[in-house]
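Read the structure below first, then the notes.
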Amino acid sequence: MVSNNSKSSKPLKVRGTATIHIDTGDVDFRAYQQGEPVQKNVKKRGQSTFYETEGVKDSSFVCHLKVPKDSSDPVAEMQEQLEFFTKNLTSKEPTLPKGKRLLSTENLVVIHNRRTNKVSVHMNIDLEEVGELSAKLFNLTAEVNKCFAINRTSLRPQTK
């Protein structure tokens with residue numbers, strides 16, 4: 001509280017960065033030093049933005065999506081924008097190696113590459129289906145074992 005008896009109050013200083021003039025209510029602020037920009041690699045599309053931040057403690061990716069409220073399908077538009085911004089960040093689906101397919105089903109692919117003399121096994125386990133994960137893995141492994149038994153002669157190492 002300011003007393004009415006004081007003709008002129010001394011300004012209040014706050015740790016060297018701000019001076020508050022109590023009489024007028026004015027505040028003078030002076031930064032310690034020039035700051036660095038927080039946003040790096042800024043991408044824009046329409047009114048949406050995507051950028052990276054770097055900090056001493058943590059770094060982040062930040063995405064602000066903005067679509068008109070009267071859009072026919074705002075979720076689809078936001079999904080398209082997000083895919084545009086993150087296309088370089090997403091990992092690509094693994095490609096299957098070249099070779100003879102010994103077994104190919106929806107959840108299991110077994111490929112024999114004669115040139116490298118290696119067998120590749122690609123398994124998919126559907127988490128939506130009811131059942132124990134280890135049992136699903138065991139069943140797929142049993143299918144691979146049957147495939148090896150059926151193709152035993154072609155899987156023998158090639159003599160040079």
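The values are calculated or read from the model by the stated rules, or taken from the named source; none is laboratory data. This structure is a prediction, so every number in the text was calculated from the model and none was measured. Ideal geometry is used to build each Cβ from the backbone, glycine not excepted, and the neighbour counts take in all protein chains shown.
General observations
- Test result for ILE111, of a type in the set (A, V, I, L, M), out of contact with any helix residue (DSSP H, G or I) (no Cβ under 8 Å at 6 or more places or on another chain) and not assigned by TED's automatic domain parsing to the domain that holds ARG45: yes
- Qualifying residue in the stretch 140-158 (condition: surrounded by fewer than 10 Cβ atoms within 10 Å (Cβ to Cβ) and of a type in the set (Gly, Ala, Ser)): yes
- A Cβ distance below 6 Å, combined with a sequence gap of six or more or placement on separate chains, defines the contacts here; from the stretch 109-133, residues that are more than 17 Å from THR95 (Cβ to Cβ) reach residues that are surrounded by 11 or more Cβ atoms within 10 Å (Cβ to Cβ) and modelled with pLDDT of 90 or more in the pairs ILE125/LYS136.
- Residue identified as closer than 30 Å to PHE50 by Cα, outside the structural domain of LYS44 (by TED's automatic domain parsing) and among the hydroxyl-bearing types (Ser, Thr, Tyr) among SER91, SER72, SER104: SER91
- In the stretch 43-59, of all residues being surrounded by fewer than 12 Cβ atoms within 10 Å (Cβ to Cβ), within 19 Å of the chain's Cα centre (by Cα) and at pLDDT below 85, the one that is farthest from GLN79 (Cα to Cα) corresponds to LYS57.
- Residue count for the stretch 124-160, restricted to those that are over 17 Å from LEU103 (Cα atoms), of a type in the set (Val, Ile, Thr) and within 32 Å of the chain's Cα centre (by Cα): 1.
- Qualifying residue in the stretch 102-123 (condition: under 27 Å from the mean Cα position of the chain (by Cα) and at pLDDT below 90): no
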